[in-house]
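Once you've had a glance at the structure underneath, I'll fire off some questions.
Computed from the coordinates by the stated procedures, all read-outs in this text should not be read as laboratory data. Just so it is clear, the structure is predicted and the values come from calculations on it, not from any experiment. Quick reminder, even Gly has a Cβ in these numbers, built from the backbone with ideal geometry, and neighbours come from all protein chains shown.
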Amino acid sequence: MIRRKTEFDDISNHELLEKLSHDPAPINLHLYQPPRLLNVFFAGRESTLFDITGITGKSDGFNHRITRESYLPLLNKQILTNENISWNLYGVTADWLEIHYPQFIDDLRYRIDAGAKPPVGDTYLHVILPFLSREHQDMLLNISKQVYRQRWGVDPETVWLPESAADSNTLSSLAKNNFAGVHLREYQVQSTSGSNLFAIDTRYGKILAITSHNYLSGKIGFDKPWSDSFYEDWRRQSELLGYAPRISIDGETLGHWWKEGDGSFEFTKYLLRHLDSSQDEHKLDFTIKNIPKARLVENT
């Protein structure tokens, strides 16, 4: 289909943003738990190579605890489905949840079918992609796309890389496999212009870099701030930078590392309220009309 002319046709690199069905959200939550048990069957015998499940006579293990403290409240309090939130759920974690908490995955599917944003894509396995050959990168990305499509019913548009690790070959593999965008940290890109979105050239065309702000992202996890003071800090950073920066945090920060009883979900609720209902003079504007070119800082 021929794309109709829009007000952005003369604005640089805006076609990258038009490839996305939803604009990048101000806040991204990264949800991931590693495989904690590996049993190997060989020559009729079963051996346990590692067991870090944390299961004891008094505990059902780390994954169950984190699910109760973080994942279920994030869904039940309608945080994951808020328009100002994007999130990713790594494939191996989703597999575990589908076995032990199938209603959690079913509820997410139902809300996505009803119009909520689907998750940011993942690489299925939490493997550092720059350490892989191009062929193995292609294989893993194909697997991740198939699993994502089977689970959520659509194709992933953007991706959160394990540990955000990237090099030029990784970005080329993403573009080759039709990922429109990648989430990166601000220190991973260099540009002559400040922005929260960048266009990076690869061997297979441009890819959209969606960057997050280091200081603000870290402040939530380490300082456990009040929502009012944090939002004011966010606004000050925006005024200094000339654009509104995005933030990315581990989803487990909310509820697990920062307990609900210590105010983690109250903070999140009021912060989302600030983003949604602030007066015009205090509202953060994440719109970027001109998406500047940037280059990737290699091996970051």
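Placing one identical point scatterer on every Cα of the chain and ignoring solvent, what is log10 I(q)/I(0) from the Debye formula at q = 0.08, 0.11, 0.13 Å⁻¹?
Here log10 of I(q) over I(0) equals -0.37, -0.70, -0.99.
Sort 72-81, 103-112, 37-46 by packing, meaning the average of other beta carbons within 10 Å per residue, with the highest value first.
72-81, 103-112, 37-46
Please enumerate, by chain and number, the lysines with C-alpha under 16 Å from the C-alpha of K206, excluding those fewer than 8 residues away in the same chain.
Leaving aside lysines fewer than 8 places away in the same chain, those within reach of K206 are K19, K176, K293.
Same structure again: What does the C-alpha gyration tensor say about the overall shape of segment 19-76? Classify as rounded when a/c is under 1.5, otherwise prolate if a/b is larger than b/c, or oblate.
Since a/c reaches 1.5 but b/c is at least a/b, the shape of segment 19-76 is classed as oblate.
Also, I was wondering about something else. Applying a 10 Å radius around every beta-carbon, put 143-153, 208-218 in order of their mean neighbour count, most first.
Result, highest mean Cβ count within 10 Å first: 208-218, 143-153.
Need one number: % antiparallel among DSSP beta bridges in the chain, to the nearest 5. Intermediate results must be reported in sequence, preceding the final value.
Working: 15 of 38 bridges.
So the antiparallel bridges in the chain amount to around 40 percent.
Within straight cross-link reach of K219, meaning Cα distance under 24 Å, which lysines are found once same-chain residues fewer than 8 apart are removed?
Excluding near neighbours in sequence, the set is K77, K259, K269, K283.
Between D155 and E239, what's the calculated FRET efficiency when r is the beta-carbon distance and R0 is 45 Å? Round to 0.05.
On the way: r = 38 Å, r/R0 = 0.84.
For D155 and E239, the calculated efficiency is 0.75.
Oh, and also: Could you state, as a whole-number percent, how many of the C-alpha pairs of segment 79-123 are farther apart than 12 Å?
The proportion of pairs with Cα distances above 12 Å equals 62 percent.
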